[in-house]
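Encoded as structure tokens, the structure appears first; notes follow it.
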Amino acid sequence: MPKRAMITGITGQDGSFLAELLLQKGYEVFGVIRRSSSFNTGRIDHLYQDRHEPGTRLRMLYGDLNDSSSLNKILRQVEPDEIYNLGAQSHVRVSFDIPEYTAEVTGLGTVRLLEAIRDVGIRPRFYQASSSELYGKAVQTPQTEKTPFNPRSPYACAKAYAYYITVNYRESYGLFACNGILFNHESERRGETFVTRKITRAATRIKCGLLKKLYLGNLDARRDWGHAADYVEAMWLMMQAEIPDDYVIATGESHSVREFLDAAFGYLKLDWREHVEIDPHYFRPAEVDLLRGDADKARRVLRWKPKVDFEGLVRRMVDHDIKLAEQERAVAQHRKPIEIAA
Ligand code: NAP
Ligand code: F7E
């Protein structure tokens, strides 16, 4: 019998890479998706094309982290061996606009899922998508599993609750529950309002003559950026370990937004200073200035290490986005003006 995995957040960046990985490993994968008025499965459509074929191993079920009854129903139906809780309102700046909603989904959503596991009476392994944002105004660098949390946003506060409730269910009920404290990880599937993808989308459109200016906020913030495909492998490794534990997943290198601009525009032989303007809208009420992780524990215990470095990450994203921009340019060139009858 193949193992069964359930993924919340399967339509997101990490969900799509994780589904790919688990299918390759022979799992049956059950994704929880939200009903949306427009298509939201673009990142997994390539995995889902054969859904009408017998033996297909990827299934989608409607559910929501804000709706306990849907979670109960799905768990009863699927009885997963492994649950990966990746669903979240994951945008830090947006969390300042919708703090209560962020707490509901990103914080309380986790305990809804954990309680549903107890209600249904199953014993799956549980992965919680914790975040380097927990370190916030970090009290030490690099950050390890022992570094105290100091959250700086409603998102990070919600993730702090989710982190501790995961530890609590491990300690109280003996659940195999892990926190992956993942530092920023990006890819060609990254949401377009996160800074890396915003930069690579804009730089490539500028290169193709489709855009003139890119508006950004704080260029001095430093992040430890890795590639999402490497990071979902760490999630899986945590779930295969002998004992449940919490792990930092990071590259150990930190770069500023400015350095990301240098790398992305430089690769396209452009000077970002001619195109970037600062818009205060993108500043946050409280900023996280510097994150750099120490993944020594994951290296030793899980034998995990990242394959893609900073330069490789930027090049992969730009190489992908330049093709999108070229397609957009081709469409724009062939578009006939709409004739309006007068
Ligand atoms: P993402 O691209 O924003 O994806 C978030 C996913 O959550 C989407 O599938 C979204 O569905 C789903 N979702 C949102 N609200 C939901 C709800 N109420 N019920 C069920 N699902 C809901 O995020 P990501 O970058 O893949 O990150 C995955 C997880 O890791 C998130 O929990 C994030 O907070 C955390 N994390 C990310 C990073 C990073 O650098 N990427 C680092 C550390 C931790 P829709 O498609 O319908 O919106
Ligand atoms: O910002 C600065 C911004 O939104 C990175 C999420 O996946 O990683 C992500 O959170 C930095 C910040 O990611 C713009 O102020 C400048 O300092 O790409 P971001 P994030 O806030 O680090 C963590 C680990 C998660 O867990 C989250 O889910 O870039 N910045 N100018 C900007 N950021 C954005 N978004 N847009 C700008 O125009």
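The values are calculated or read from the model by the stated rules, or taken from the named source; none is laboratory data. On a predicted model such as this, the values are computed, not experimentally measured, just so you know. Using ideal geometry, Cβ is built from the backbone for each residue, glycine included, and neighbour counts are taken over all protein chains shown. Calculation scope for accessible area: heavy atoms of the full protein, side chains included, ligands and nucleic acids excluded. Shrake-Rupley method; radii C 1.70, N 1.55, O 1.52, S 1.80 Å.
Is there a residue being free of Cβ contacts under 8 Å to residues at least 40 places away in the same chain and touching an Asp or Glu at 6+ places or on another chain (Cβ under 8 Å) anywhere in the stretch 71-82? No, every residue in the stretch 71-82 fails to be free of Cβ contacts under 8 Å to residues at least 40 places away in the same chain and touching an Asp or Glu at 6+ places or on another chain (Cβ under 8 Å). Exactly one of (1) open to solvent by 30 Å² or more (accessible area, probe 1.4 Å); (2) within 9 Å of ligand 1 (Cβ to nearest atom); (3) outside any loop (DSSP other than H, G, I, E, B) is unmet by G31. Its number? Here G31 meets the rest and fails (1).
Among the conditions (1) over 20 Å from N66 (Cα atoms); (2) at pLDDT below 95, the only one that K25 does not satisfy is (2).
Restricting the search to the stretch 151-172, which residues are open to solvent by less than 40 Å² (accessible area, probe 1.4 Å), closer than 24 Å to Q140 by Cβ and away from ligand 1 (no atom under 13 Å from the Cβ)? Once the filter is applied, which keeps residues that are open to solvent by less than 40 Å² (accessible area, probe 1.4 Å), closer than 24 Å to Q140 by Cβ and away from ligand 1 (no atom under 13 Å from the Cβ), the stretch 151-172 yields only V167. R125: open to solvent by 10 Å² or more (accessible area, probe 1.4 Å), out of contact with any strand residue (DSSP E or B) (no Cβ under 8 Å at 6 or more places or on another chain), at pLDDT 95 or above and not polar (S, T, N, Q), yes or no? Spelling it out, it is not the case that R125 is open to solvent by 10 Å² or more (accessible area, probe 1.4 Å), out of contact with any strand residue (DSSP E or B) (no Cβ under 8 Å at 6 or more places or on another chain), at pLDDT 95 or above and not polar (S, T, N, Q). Kindly check whether there is at least one residue in the stretch 195-218 that is more than 13 Å from the chain's Cα centre (by Cα), assigned to a loop (DSSP other than H, G, I, E, B), touching a residue at least 40 places away in the same chain (Cβ under 8 Å) and within 10 Å of ligand 2 (Cβ to nearest atom). Within the stretch 195-218, one or more residues are more than 13 Å from the chain's Cα centre (by Cα), assigned to a loop (DSSP other than H, G, I, E, B), touching a residue at least 40 places away in the same chain (Cβ under 8 Å) and within 10 Å of ligand 2 (Cβ to nearest atom). Entry remark, the stretch 130-142: residues being farther than 21 Å from A177 by Cβ and in contact (Cβ under 8 Å) with a residue 60 or more places away in the chain number 5 in total. Taking the numbered list (1) open to solvent by less than 60 Å² (accessible area, probe 1.4 Å); (2) in contact with a helix residue (DSSP H, G or I) (Cβ under 9 Å, 6 or more places away or on another chain); (3) more than 16 Å from ligand 2 (Cβ to nearest atom) in turn, R76 passes all entries but (1). Taken over the stretch 175-188, the criterion of being within 14 Å of ligand 1 (Cβ to nearest atom), part of a loop (DSSP other than H, G, I, E, B) and within 24 Å of Y247 (Cα to Cα) is satisfied by F183, N184, S187. Candidates in the stretch 1-28 are the residues that are among the acidic types (D, E) and surrounded by 19 or more Cβ atoms within 10 Å (Cβ to Cβ); of these, the one that is farthest from the chain's Cα centre (by Cα) is E28. Output the residue which, of all residues in the stretch 9-45 that are in contact (Cβ under 8 Å) with a residue 12 or more places away in the chain and of a type in the set (F, W, Y), is farthest from A88 (Cα to Cα). Per the stated criteria, the residue is Y27.
The C-beta contact set for the stretch 84-113 (first residue open to solvent by 30 Å² or more (accessible area, probe 1.4 Å), second residue small (G, A, S), distance under 7 angstrom, 6+ apart or interchain) comprises A88/G9; A88/A129; F96/S153; A103/A158; R112/S68. Applying the set (1) of a type outside the set (K, R); (2) over 23 Å from E188 (Cβ atoms); (3) not in a helix (DSSP H, G or I) to H281 leaves exactly one unmet item: (3). Counting the residues of the stretch 175-194 that are more than 8 Å from ligand 2 (Cβ to nearest atom) and polar (S, T, N, Q) gives 2. For the residues G55, G26, G109, G42, the requirement of being assigned to a loop (DSSP other than H, G, I, E, B) and within 15 Å of ligand 1 (Cβ to nearest atom) singles out G42. Of note, V232 does not satisfy the criterion of being of a type outside the set (G, A, S), surrounded by 18 or more Cβ atoms within 10 Å (Cβ to Cβ) and farther than 30 Å from K25 by Cβ. Here the stretch 150-161 is the region considered, the condition is being in contact (Cβ under 8 Å) with a residue 60 or more places away in the chain and among the small types (G, A, S), and the residue that is nearest to L65 (Cα to Cα) is A158.
Is it the case, given these coordinates, that L65 is within 16 Å of ligand 2 (Cβ to nearest atom), in the same structural domain as A177 (by TED's automatic domain parsing), in contact (Cβ under 8 Å) with a residue 40 or more places away in the chain and among the hydrophobic types (A, V, I, L, M, F, W, C)? So L65 fits the description; yes.
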